[in-house]
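See structure below.
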Amino acid sequence: MNIQELQVAGASFVRVNDLFMTKSSLKYGEETLDSSKPLHIKFNNVDFQYKEGIDVLKDVSIQVDGGRTLGVLGHTGSGKTSLARLIVRMYDIKSGEILLNNKNITLIREEEIAKNIAYITQDVQILTATVRDNITLFNKDIKDEDIIKIIYELGFQDWYESLSNGLDTYLELGSKSLSSGEAQLLSFIRVFHKKPTLIIFDEATSRVDSATEQLIDSALDKLLKNRTCIIIAHRLSTLNRAQDILLLENGKVVEFGERKTLLEDESTKYHQLLQRGVEEVLV
Ligand SMILES: Nc1ncnc2c1ncn2[C@@H]1O[C@H](COP(=O)(O)OP(=O)(O)OP(=O)(O)O)[C@@H](O)[C@H]1O
Ligand SMILES: [Mg+2]
């Protein structure tokens, strides 16, 4: 292991540690979530801070009905990832309330949130392990044939066939042996067998090559079926599949509503963005 790899390992260790420290201070209840239907989400006047005195989300009120897809956009630092983190309860809010299936998030069991919500982050953790273990996260109950079936279902067969040793191919620490787009493909496979009732997809900020982009796009369509979805996007085209749109600016809701309605209204920022015909949005 060279110095650089060691630093990467150190950095992710600190991150994981941070997560545990935050988690351990949270109190959970005993409520469950119905895993037979898409999750319903509601934010009522949510304020959130990582550090005392620095507001990250301010008075956010939104609703995502079961089975709908919400697209989220906003400049870097506007609070998109923070919003996602609150839904998987990595942090508690300062005031307001978050309801999942009309139950206050603080009353829901930790395992229920983990089981029902898949969060595909911007920065996928790749383990120094085989492709198989990176997909199953060492769950021995998941059979190779099921993994391969999912790979084909999602349209990733070319990637799979290019691996030097199939599922036994060893991946290197960090994302050295995978591009950031490929790392996101891998996390798609990770979550697909979990059958979550909500998927949150936080699109990678770094440029992804167009072949990988196409793979992600078509896999997204399969992933989103019969589920509630939140897509945090940096490309406008990713948002075309959303029914609702949320635009954040400095932690505040600037626009929120049906995509079609926002699109037709010439005074909206969403309409103007599309009008400008740019591919990348608000970076
Ligand atoms: N763990 C943290 N501790 C303290 N502040 C944080 C933390 N994570 C994010 N922030 C701050 O919260 C604000 C919102 O960040 P967030 O990551 O939610 O933005 P984002 O909209 O996802 O940006 P990007 O488009 O770059 O991904 C920023 O000012 C950021 O610096
Ligand atoms: Mg982000």
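Just a few scattered comments:
- Index of the failed condition, Y170 passing every other in (1) within 30 Å of E145 (Cα to Cα); (2) of a type in the set (F, W, Y); (3) surrounded by 19 or more Cβ atoms within 10 Å (Cβ to Cβ); (4) over 20 Å from the mean Cα position of the chain (by Cα): (3)
- Residue list for the stretch 190-202, restricted to those being surrounded by 21 or more Cβ atoms within 10 Å (Cβ to Cβ) and either within 18 Å of V131 (Cα to Cα) or of a type outside the set (V, I, T) (or both): F192, P196, L198, F201, D202
- Any hit, the stretch 85-98, residues being open to solvent by less than 10 Å² (accessible area, probe 1.4 Å), at pLDDT 95 or above, away from ligand 1 (no atom under 16 Å from the Cβ) and not in a helix (DSSP H, G or I): no
- Looking only at the stretch 204-222, and only at residues there that are more than 14 Å from S179 (Cβ to Cβ) and charged (D, E, K, R), the one that is least open to solvent (accessible area, probe 1.4 Å): D217
- Filter result (within 20 Å of S25 (Cβ to Cβ) and surrounded by 16 or more Cβ atoms within 10 Å (Cβ to Cβ)) within the stretch 101-116: I105, I108, E112, I113
- Matching residues in the stretch 29-46 - criterion: being at pLDDT 95 or above and either more than 18 Å from I117 (Cα to Cα) or touching an Asp or Glu at 6+ places or on another chain (Cβ under 9 Å) (or both): E31, T32, L33, P38, H40, I41, K42, F43, N44, N45, V46
- From the list E161, E145, E153, the lone residue that is charged (D, E, K, R), closer than 22 Å to I216 by Cβ and free of Cβ contacts under 8 Å to residues at least 40 places away in the same chain is E161.
- Of the criteria (1) more than 29 Å from E111 (Cβ to Cβ); (2) modelled with pLDDT under 90; (3) within 16 Å of ligand 2 (Cβ to nearest atom), which one N250 fails: (2)
- Count of the stretch 47-80 residues which are within 16 Å of ligand 2 (Cβ to nearest atom), modelled with pLDDT of 95 or more and buried (at least 19 other Cβ atoms within 10 Å of the Cβ): 10
- Pair list, Cβ < 6 Å and 6+ apart or interchain, from the stretch 62-81 residues that are of a type in the set (G, A, S) to residues that are near ligand 2 (Cβ under 10 Å from one of its atoms) and assigned to a strand (DSSP E or B): none
- Those residues of the stretch 227-269 which are without any contact (Cβ under 8 Å) to a residue 60 or more places away in the chain and hydroxyl-bearing (S, T, Y), in sequence order: S237, T261, S267, T268
- Restricting I245, I232 to those that are closer than 18 Å to T205 by Cβ and modelled with pLDDT of 90 or more reduces the list to I232.
- Unmet criterion (only one of (1) surrounded by 15 or more Cβ atoms within 10 Å (Cβ to Cβ); (2) in contact (Cβ under 8 Å) with a residue 12 or more places away in the chain) for L137: (1)
- Scan of the stretch 70-84 for residues that are in a strand (DSSP E or B) and within 8 Å of ligand 1 (Cβ to nearest atom), ordered by number: G74
The values are calculated or read from the model by the stated rules, or taken from the named source; none is laboratory data. If you're wondering where the values come from, they're calculated on a predicted model, not measured in any experiment. As a convention, Cβ positions derive from the backbone with ideal geometry for all residues, glycine included, and neighbour counts pool all protein chains shown. Ligands, DNA and RNA are excluded from the accessible area calculation, which covers all protein heavy atoms including side chains. Shrake-Rupley method; radii C 1.70, N 1.55, O 1.52, S 1.80 Å.
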